[in-house]
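Just below is one structure, and these are the notes that go with it.
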Ligand SMILES: [Cu+2]
């Protein structure tokens with residue numbers, strides 16, 4: 001990617017996948033320069049990066065290709081429990097990223113890359129396929145997924161997704177921006193908390209809010225949900241000051257009791273608009 005030193009860079013592209021059928025068992029993204037060195041936060045802020053698989057349909061938003069991994073400033077890795085993986089075919093993937101250069105007033109651009117480290121198992125490894133479920137407090141089909149915190153007091157934003165399958169969540173991780181406190185996924189039909197992803201901060205001398213990690217879970221048998229259950233995702237933000245364009249996203253790994261996933265869905269090409 002060609003990144004502006006001062007300003008926002010948005011990327012929509014097709015990227016090569018491993019090119020062989022198999023299962024993704026873990027994923028972690030790193031922003032690097034052309035010599036493979038990590039690009040520091042003082043150079044560029046990775047707002048978000050999202051990978052989509054055009055060969056599957058997104059469970060939470062069926063009109064979209066499958067959003068199977070995302071990363072932000074906090075670079076939370078995803079690791080599935082043993083015996084599970086996300087099955088992919090040979091096709092290229094869709095990729096979108098938003099990166100802010102941090103050198104205000106500095107003209108020009110620099111080259112950067114996002115390295116995606118994957119745990120990958122062969123197609124005949126007998127793993128159980130998972131369906132990623134992309135929850136957003138702005139709605140599962142909202143491409144932008146941003147909202148504003150007005151400031152003044154603790155602020156929450158939430159949205160409900162009605163489960164379309166019966167099964168269980170075996171992993172989940174959240175994504176918030178600076179000022180975020182926690183993201184809770186709750187089954188309001190059974191009044192049961194599925195998972196709360198908490199924002200962890202590092203103290204920096206001149207930057208009070210510095211999100212470094214979101215907590216995640218990965219375990220079996222996981223948390224069961226029934227078709228028709230209302231799953232409410234709530235993002236809580238500190239209201240100490242106004243914040244614009246923040247997010248509240250949780251990516252869950254769902255195992256359906258009757259497996260409707262697999263590569264049966266044929267999408268011709270991802271809609272990268
Ligand atoms: Cu974000």
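Scan region 18-44 residue by residue and report those that are farther than 20 Å from residue 136 by Cβ and in a strand (DSSP E or B). Across region 18-44, the qualifying residues are 22, 23, 24, 25, 26, 28, 30, 31, 32, 38, 44. Which of the residues that make up region 71-123 are over 25 Å from residue 211 (Cβ atoms), part of a loop (DSSP other than H, G, I, E, B) and either within 18 Å of the chain's Cα centre (by Cα) or within 16 Å of the ligand (Cβ to nearest atom) (or both)? Matches in region 71-123: 81 only.
Matching residues to (1) closer than 24 Å to residue 145 by Cα; (2) buried (at least 21 other Cβ atoms within 10 Å of the Cβ):
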site	(1), (2)
8	yes, no
16	no, no
23	no, yes
31	yes, yes
36	no, no
43	no, no
51	yes, yes
60	yes, yes
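If you go through region 163-191 and keep only what is in a strand (DSSP E or B), surrounded by 20 or more Cβ atoms within 10 Å (Cβ to Cβ) and within 16 Å of the ligand (Cβ to nearest atom), you end up with 173, 174, 175, 176, 180, 183.
Within region 228-246, being at pLDDT 95 or above, surrounded by 13 or more Cβ atoms within 10 Å (Cβ to Cβ) and not in a strand (DSSP E or B) holds for one residue alone: 229.
The values are calculated or read from the model by the stated rules, or taken from the named source; none is laboratory data. Because the structure is a prediction, the values reported are computed rather than measured. Reconstructed Cβ throughout: ideal geometry from the backbone, glycine too, with neighbour counts over all protein chains shown.
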